[in-house]
Amino acid sequence: MDNRVKLIGTSALMTNPSRINVLFMASEADPLIKVGGLGDVAGSLPRALTSIGTTTGRRSASLDVRLVIPFHPAIKRDRSSLQKVAEYQVGATGGKIPVSVFSLDLDGLLVYLLDGPPIASETGVYSADLAGDGYKYVFFSQAALSLPKRLDWRLDILHANDWHTAAAVYSLALNRLTDPFYRNTASVLTIHNLPYLGAMTSHALSAFDLPPAENTSLPAWANHMALPLGLLTADSIVAASPGYSREIMTEEFGSGLHSFLRAHASKITGILNGLDTRRWDPATDLELVANFSSGNLSPRSINKGYLQSELELDQDSAFPLLAMVTRMDPQKGVDLAIQAIRLLLHESKQEKHPFQVIFLGTGDPVLEQSARSLEQEYPNLIRARITYNERLSRHIFAGADMLLMPSRYEPCGLSQMIAMRYGCIPIARSTGGLSDTIHDPLDHQNRTGFLFKPAKPEALADAIQRALAVLKGPSDNWQAMQVYAMQQDFSWDRSAQEYYQLYSQLLDSK
C-alpha cells in the first residue's frame, strides 16, 4: 500500500467510539447505477443500517455506514453535491495506479465513488471480458480498502458483497496483523450468487500483490480466485437468505465449494434481503391506474383491466392472468415456465380461455425466442414483451393474479416480495429465499403463495393448477391469501437489525 495521500475539501475525522463504522462495498447501487438485484441491496441496506441505534449486549452504538462503489462512466457526473475528497495511489506490478475519490450525499447516506484508469476504461458495470472485469474489481477492492486510512476514519467493519469486492476481504486478512490501522477491523462477506466465483481474477490478484492461498481447506483450483479467497478469510459469511445458507453447503448448489463451506459452517449465517417498501407500495405508487391496499383490494381489478387492455388481451376480470417478470436465463426456469404453460394449454383445448400469460424480460436469445414462439402459437392468450420496462412491470405486479418464479436456484429473490406486496400471488420453486418468503397452503394456515419442488415443467403445471383451483373457488379464499401476502414484512428494517447484531458480535469477539 502506498502511503502518499492528498486530502481535498474535507478534514480528517476521528470517529466516536460509540459508533460502529462500516464500509459497505458493492459493484452497483440503485439509484446511481443498477444492473441486477445487488444494486437494489446496495441502494437500500446501507440506508436502513444508518437508522439503527439499539443496545446489543454490553455494546450500545449507532452505525456510521458509508457506501463505496466504482465511479462507472455511466454514472452521471453533474450532481451538485459531488465533491472530490481524496487522491492517492495503489501499488501494482506495472507501477502505481492513481485513485480519485468523490463523495455525495444520497438522501442522508454518504457515498464514495472511486475512480481510476481500470474503472474509467470499462464502459459497463460488467462486461464479456471477464479478465478485464477481474482487473477492474481487484483494483477497486484494493483502492476501497485503502480509503478509510486515507480519511483517518476508523474502520470497524468491512462489508463486501460477492466476488467483485471479495479481494478486499482477502487483502485485509493479509495486512491486518502488520498494519495497526486495520488490526481490529472485522470482515463480512455476503453471497448473493455463489456460482460467480471471479474465475478470471488470478492474474489481477497477482498484479496487485495478492498471492495464492497455500495449505488451506479450499480446493486447489480455488486458491487464486477472488470469491473463494474472500470466503476463506472473512470473519463472517452471510448468504442472502437462510434457505440459501443451507443450500450452498450441498453439492447441488455449492459450486464445488460445498465441502469447504461445510467445514466453515460456524461462520456462515443467512440473512434475508429486504425490499424498499417506500418504493414498492401499491397504496402510493404513482404509476398505477388505481391505488389499493390490503384493506381495500377492490381497486386492484381496475389495474388488471388496464393491463389487459394495454397488452391487447381480452378484458375480463374472470380470466386468470399469470405473469413472469424476469431475466431470461436458465437459472430463472423460463424454459420450465414455457413448457408448463404449453402443457396446460394443450390439456385445456376444450376450454376457450383457460388463462392468459405475460412474459416480460430480456436475456438468453434462445429463451427470448421460445417466449415469442409461444405467443405466436396462442396469440389470444400469450404476450411476450422482450424488453426491460419497469413501468410495465409495476402494472403487471398490480394487475396480474399470479407471478411465476420457477427458479432452479434463487439465493433470495425480490420479485416474489414485490408481487406479494401488490397482491399478486407467487407460484415458485421451493428453493433458497423463495422457500423462506412464500407460505404454501399445504404447509401454512396463513398462505401467501404456491411452491413446488422438482425443477420439472410437470411440477410447475401442478402448482399452477392448484392456484387456479383456489382462484376459481370462493372469492373469500383468494382474497384472504392476497391480504396475508400483502401484510408480510419484507422491509429492510428486519434485515438491518440482524446485520447490526452480527456486526456487534464480531466486534465483541475482537
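The values are calculated or read from the model by the stated rules, or taken from the named source; none is laboratory data. No experiment lies behind these values; they were computed from the predicted model shown. For neighbour counting, all protein chains shown are included, and Cβ atoms are generated from backbone atoms with ideal geometry for every residue, glycine included.
Given the conditions (1) of a type in the set (A, V, I, L, M, F, W, C); (2) under 27 Å from Met328 (Cα atoms); (3) under 22 Å from the mean Cα position of the chain (by Cα), which single one is not true for Ala461?
Here Ala461 clears every test but (3).
For region 86-101, what are the residues that are surrounded by fewer than 20 Cβ atoms within 10 Å (Cβ to Cβ) and within 14 Å of His72 (Cα to Cα)?
Listed by number, the list holds a single entry, Ser100.
Would you confirm whether any residue within region 121-136 is closer than 22 Å to Ser44 by Cβ, at pLDDT below 95, of a type outside the set (Phe, Trp, Tyr) and crowded, with 19+ Cβ neighbours inside 10 Å?
Scanning region 121-136, I find at least one residue that is closer than 22 Å to Ser44 by Cβ, at pLDDT below 95, of a type outside the set (Phe, Trp, Tyr) and crowded, with 19+ Cβ neighbours inside 10 Å, so the answer is yes.
Out of Asp440, Asp401, I need the residue that is free of Cβ contacts under 8 Å to residues at least 12 places away in the same chain, within 14 Å of Gln482 (Cα to Cα) and not aromatic (Phe, Trp, Tyr). Which one?
Result of the check over Asp440, Asp401: Asp440.
Could you check how many residues of region 66-100 are in a strand (DSSP E or B) and under 25 Å from the mean Cα position of the chain (by Cα)?
5
Return only the number of the condition from (1) buried (at least 16 other Cβ atoms within 10 Å of the Cβ); (2) among the charged types (D, E, K, R); (3) free of Cβ contacts under 8 Å to residues at least 40 places away in the same chain that Lys453 does not satisfy.
(1)
So in region 408-437, with the set limited to residues that are within 29 Å of Glu312 (Cβ to Cβ) and small (Gly, Ala, Ser), which one is farthest from the chain's Cα centre (by Cα)?
Within region 408-437, the match that is farthest from the chain's Cα centre (by Cα) is Gly423.
Taking region 262-309, which residues are within 26 Å of His159 (Cα to Cα), assigned to a helix (DSSP H, G or I) and charged (D, E, K, R)?
Across region 262-309, the qualifying residues are Arg262, Lys267.
Can you find a residue in region 461-480 that is in contact with a Lys or Arg (Cβ under 8 Å, 6 or more places away or on another chain), buried (at least 19 other Cβ atoms within 10 Å of the Cβ) and of a type outside the set (Phe, Trp, Tyr)?
no
Restricting attention to region 233-247, does a residue exist that is surrounded by fewer than 18 Cβ atoms within 10 Å (Cβ to Cβ), in contact (Cβ under 8 Å) with a residue 12 or more places away in the chain and either within 20 Å of Thr437 (Cα to Cα) or over 18 Å from the mean Cα position of the chain (by Cα) (or both)?
Within region 233-247, one or more residues are surrounded by fewer than 18 Cβ atoms within 10 Å (Cβ to Cβ), in contact (Cβ under 8 Å) with a residue 12 or more places away in the chain and either within 20 Å of Thr437 (Cα to Cα) or over 18 Å from the mean Cα position of the chain (by Cα) (or both).
Can you find, within region 388-408, the residue that is nearest to Gly449 (Cα to Cα) among those that are at pLDDT 95 or above and of a type in the set (Ser, Thr, Tyr)?
For region 388-408, the residue satisfying everything is Ser407.
Looking at Thr185, is it surrounded by fewer than 23 Cβ atoms within 10 Å (Cβ to Cβ), of a type in the set (Val, Ile, Thr) and either touching an Asp or Glu at 6+ places or on another chain (Cβ under 7 Å) or at pLDDT below 95 (or both)?
No, not satisfied.
Looking only at region 341-363, how many residues end up being closer than 19 Å to Ser317 by Cβ and modelled with pLDDT under 85?
Looking only at that region, the number is 3.
Could you count how many residues in region 299-325 are of a type in the set (S, T, N, Q) and at pLDDT 95 or above?
4
Report, by residue number, each residue of region 44-75 that is within 22 Å of His164 (Cα to Cα) and either modelled with pLDDT under 85 or among the aliphatic types (A, V, I, L, M) (or both).
Within region 44-75, Leu45, Leu49, Val65, Leu67, Val68, Ile69, Ala74, Ile75 qualify.
When region 383-401 is examined, which residues are found to be crowded, with 20+ Cβ neighbours inside 10 Å and more than 21 Å from Ala283 (Cβ to Cβ)?
Within region 383-401, Arg383, Ala384 meet the criteria.
Just to be sure before I move on: is Asp105 surrounded by fewer than 18 Cβ atoms within 10 Å (Cβ to Cβ), within 30 Å of Phe490 (Cβ to Cβ) and either among the charged types (D, E, K, R) or touching an Asp or Glu at 6+ places or on another chain (Cβ under 6 Å) (or both) in the structure I sent?
yes
Out of Ile396, Ile427, Ile418, I need the residue that is β-branched (Val, Ile, Thr) and either without any contact (Cβ under 8 Å) to a residue 40 or more places away in the chain or over 15 Å from Ala485 (Cα atoms) (or both). Which one?
The unique qualifying residue is Ile396.
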